Amino acid sequence: MKITHIKLSFSNAYLLTGRKTVMVDTGMPGEEMKILRAAERAGVKTEDISLILHTHGHVDHAGSSAALAKTLNLPTAVHRADEGMMRAGTMNPLTPLRLEARMILPLVNKPFPSVAPDLFVDETFDLSAFGVEGRILHTPGHTAGSISVLLPDGRAIVGDVMMGGYMGGNLLGARPNYHYFADDLNAVHRSIRALLDADVKTFYVGHGGPLDREAVARRFKRIL
């Protein structure tokens, strides 16, 4: 399974390529062409992209979904708990975890083109139907509907369950850290434990990364 990492203005998007390609997250509004150019550079044909899958329903992960779904005629998928944000094109109130989060709140608390999800994902969702071997793990905490994509070889795309480093992942991006915002910090801790229990070895995060399992275990050892 090939993972193509696409670094966007605020966040990361990913392409998972097996028999087909699943697009995971779409960045901020207006970043659709960056994603399409990255797919072309990676040798991914647009006709082989089968699905737009969202780790959660925030603007920096679903902002270009409407444009890409229309351009490529693709279905979109999200956990049902984040459906409301996707349909409204607005995020639920964000709960900052530290001072830096309060400072960046006006930059990220933006509306985005609404998306009516075609599919709802949970732990029974069959990714193989879209040409990718992997499974979904519900990892709430950042949002109620946050999910991770677990691959058979121990790699996982985990969205904003955690992040890498500081300054949006641009500084010390391989160092595990809490994300800026969390709806439920206790749920974040349970999700991190669940990912480690699932034997994830490499964490592909929404900001910064990737993160190594041992580094994640050390960073969050107090809650494990």
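The values are calculated or read from the model by the stated rules, or taken from the named source; none is laboratory data. Values in this document were obtained by computation on a predicted structure and should not be read as measured data. As a convention, Cβ positions derive from the backbone with ideal geometry for all residues, glycine included, and neighbour counts pool all protein chains shown. Note: areas computed on protein heavy atoms with side chains; ligands, DNA, RNA excluded. Shrake-Rupley method; radii C 1.70, N 1.55, O 1.52, S 1.80 Å.
Filtering the stretch 53-74 to residues that are more than 17 Å from F181 (Cα to Cα) and either open to solvent by less than 40 Å² (accessible area, probe 1.4 Å) or under 9 Å from the mean Cα position of the chain (by Cα) (or both) leaves L53, H54, G63, S64, S65, A66, A67, L68, A69, L72, L74.
Yes or no: the stretch 139-160 includes at least one residue that is crowded, with 21+ Cβ neighbours inside 10 Å and among the acidic types (D, E). Among the residues of the stretch 139-160, at least one is crowded, with 21+ Cβ neighbours inside 10 Å and among the acidic types (D, E), which makes the answer yes.
Taken over the stretch 81-97, the criterion of being open to solvent by less than 60 Å² (accessible area, probe 1.4 Å) and in a loop (DSSP other than H, G, I, E, B) is satisfied by G89, M91, L94. Listed by first and then second residue, the pairs with beta-carbon distance under 6 Å, at least 6 apart or on different chains, first residue in the stretch 57-70 and outside any helix (DSSP H, G or I), second among the β-branched types (V, I, T) and at pLDDT 95 or above, are G57/V78; S64/T26. Residues that are farther than 16 Å from V149 by Cα and open to solvent by 30 Å² or more (accessible area, probe 1.4 Å) were ranked within the stretch 178-211; the one that is farthest from the chain's Cα centre (by Cα) is N186. Within the stretch 101-132, track down each residue that is modelled with pLDDT under 95, surrounded by 12 or more Cβ atoms within 10 Å (Cβ to Cβ) and outside any loop (DSSP other than H, G, I, E, B). Answer for the stretch 101-132, where residues must be modelled with pLDDT under 95, surrounded by 12 or more Cβ atoms within 10 Å (Cβ to Cβ) and outside any loop (DSSP other than H, G, I, E, B): A101, R102, I104, L105, V108.
Tell me, yes or no, whether the stretch 101-120 has at least one residue that is closer than 16 Å to L16 by Cα and small (G, A, S). Within the stretch 101-120, not a single residue is closer than 16 Å to L16 by Cα and small (G, A, S).
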